Each structure stands twice: as structure tokens, then as C-alpha cells.
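Undergrad: Dumping the structure here so I can ask a few things about it.
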Amino acid sequence: MMAYKFPPQHRSGQEMGTDFMARELVRRGHQVHVLVTRRDAGQSFSCRQHGYALWRLPVLPIPILRSIWEWMAASIVLLWVRPDLLHAQALIPCGLLAGFWGKLLDKKSVMYLYGRDVTHPSRLLRHTLGSRALRWCTVVLAATGHCKANALMICEREIRVFFSGFEPPA
């Protein structure tokens, strides 16, 4: 599983959802690795908690190099872990990583979209990197119909709604 941020420092829906999903997968007998593409100061690179391996990538403070570093560091961890299934908790960078490595390693990749990831302020990022992530992932799930509609404006493909939270009126 890949997420941008993670508890305990970050406790919004995506972060908590990733933690709860990892715990449930462990409870069901799966070996789970959670890769977090951003790490706060003072956190260790890797540890085990609640039965899963947690990998927190260090962040470079230089904007352009930060993204390149995230991609390289995440790729090294993914190649070392060799997962059977890649699961991303957002469009960019996690969905892009899951789709790319899923294709390269011939593994299934699932991306779960929450909302802001498909309405990112940068149209360029949404329609270049985001469209690739949507095309490359084997399965794309959206938290709401509204989220699905926004994702379909980036790339036409099958997107299933796996309801999670508030569904805004049409």
C-alpha cells in the first residue's frame, strides 16, 4: 500500500483509511507493507506496527528534487519488497507509482481516489501524470460518485464507486 502521509502525525481520512485497511488485511492473514512517500522529521525509515511493515521515505527540501527523490526511493523499496499487489491511496504520486510498477512487474494495481487528488489545482499535473496513473492502474476505485466524475474528466476508463463518507448531491 502507498500513501502520501500517515498517522500519527496526519489524521485525515486518507491517512486513517490506509492505517485501518492495513490492519484489516493483516487480520485476514496478508503480509502488508505500507510505503509513505512523505516522512516528518524524527520518524524512522522503517518499522513494524500493528503487524505490518511501515516504510517512511525521507523528504528532500528542494521542490523539484523532492519528487524525483520520492520516485527513486519508492521504486527501490518496491523492487526490494516485490509485492503481489500494489494499492495506492491517491492519484499522484502513489497511484502513478502503483500503476507504473504494476505494469513493469506484471502485478495488479489498485488506486483509491478520495477527492482532492482528482481536483488538484495543477491542470498540468492532473492531465499528464494523473491520466497516466488512471490508465496504468488495473482497478480504480472512487470514494464517491462526485470523485468518479472528476476522475473521468482526466481519463475515460472504468472507475467503480466504493462509497466512503459523504456523497454530495448531484
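The values are calculated or read from the model by the stated rules, or taken from the named source; none is laboratory data. Everything quoted here is computed from the prediction, not taken from an experiment. With ideal geometry, Cβ positions are generated from the backbone for all residues, glycine too; neighbour counts draw on all protein chains shown. Just so you know, the surface numbers come from the protein's heavy atoms only, side chains and all, with ligands and any DNA or RNA stripped out. Shrake-Rupley method; radii C 1.70, N 1.55, O 1.52, S 1.80 Å.
Undergrad: Highest GNM mean-square fluctuation, the chain, Cα pairs closer than 10 Å: which of C94, C47, C147?
TA: Taking springs between Cα atoms under 10 Å, the residue moving most is C47.
Undergrad: What's the longest bit of the chain with no exposed GluC sites (Glu not before Pro), using DSSP loop states and at most 14 other Cβ atoms within 10 Å as the test? Working shown, then result.
TA: Values: sites that count: E156, E158.
Formally, the longest exposed-site-free interval is 1-155.
Undergrad: I'd like the orientation of helix 96-105 relative to the chain: the angle between its Cα long axis and the longest Cα principal axis, in ° from 0 to 90, rounded to 10.
TA: On a 0 to 90 degree scale, this one is about 70.
Undergrad: Over all alpha-carbon pairs in the chain, figure out the percentage whose distance exceeds 30 Å. Walk me through the numbers before you get to the answer.
TA: Details: 1651 of 14365 pairs.
Every Cα pair in the chain considered, those over 30 Å come to 11 percent.
Undergrad: Can you tell me the accessible area per residue over the chain, all protein chains present, probe 1.4 angstrom, in square angstrom?
TA: Numbers: 9290 Å² over 170 residues.
On a per-residue basis, the chain sits at 55 Å².
Undergrad: What angle do you read, to the nearest 10 degrees and between 0 and 90, between the alpha-carbon axis of helix 145-154 and the longest principal axis of the chain?
TA: Approximately 90 degrees, to the nearest 10.
Undergrad: With angles folded into 0 to 90 degrees, how steeply does helix 13-27 sit against the dominant principal axis of the chain? Use alpha carbons for both and round to 10.
TA: Here the helix axis deviates by roughly 60 degrees.
Undergrad: Run the quick spin-label model on M16 and E156: label points 7 Å from Cα toward the beta carbon, then report their separation in nm to one decimal.
TA: Computed distance between label sites M16 and E156 equals 3.8 nm.
Undergrad: Another question about this same structure. When the helices in the chain are scored as -39500 (n - 2.57) per DSSP H run of 4 or longer and the sum is shared across all residues, what 222 nm value do you end up with, to the nearest 500 deg cm²/dmol?
TA: Working: 5 runs with 60 residues, N = 170.
Computed mean residue ellipticity for the chain: -11000 deg cm²/dmol.
Undergrad: Go ahead and set up a Gaussian network model of the chain, Cα springs under 10 Å, then flag whichever of W136, W71, W80 fluctuates most.
TA: In this elastic network of the chain, the residue with the biggest mean-square fluctuation among W136, W71, W80 is W80.
Undergrad: Under 5 Å between amide hydrogens, which residues at least 5 positions from L35 or on another chain qualify, with H placed 1.01 Å from N in the peptide plane?
TA: It is M2, A3, W55, by chain and number.
Undergrad: Tell me the carbon and sulfur percent of the accessible area for the range 47-150, rounded to whole percent, probe radius 1.4 Å.
TA: On the way: 3310 of 5130 Å².
Carbon with sulfur: 65 percent of the solvent-accessible area.
Undergrad: Just subtract the alpha-carbon distance of R23 and W69 from 0.36 nm times their residue separation and send over the number in nm, one decimal. Walk me through the intermediate numbers first.
TA: Values: separation 46, 0.36 × 46 = 16.56 nm, distance 2.80 nm.
Answer, rounded to one decimal: 13.8 nm.
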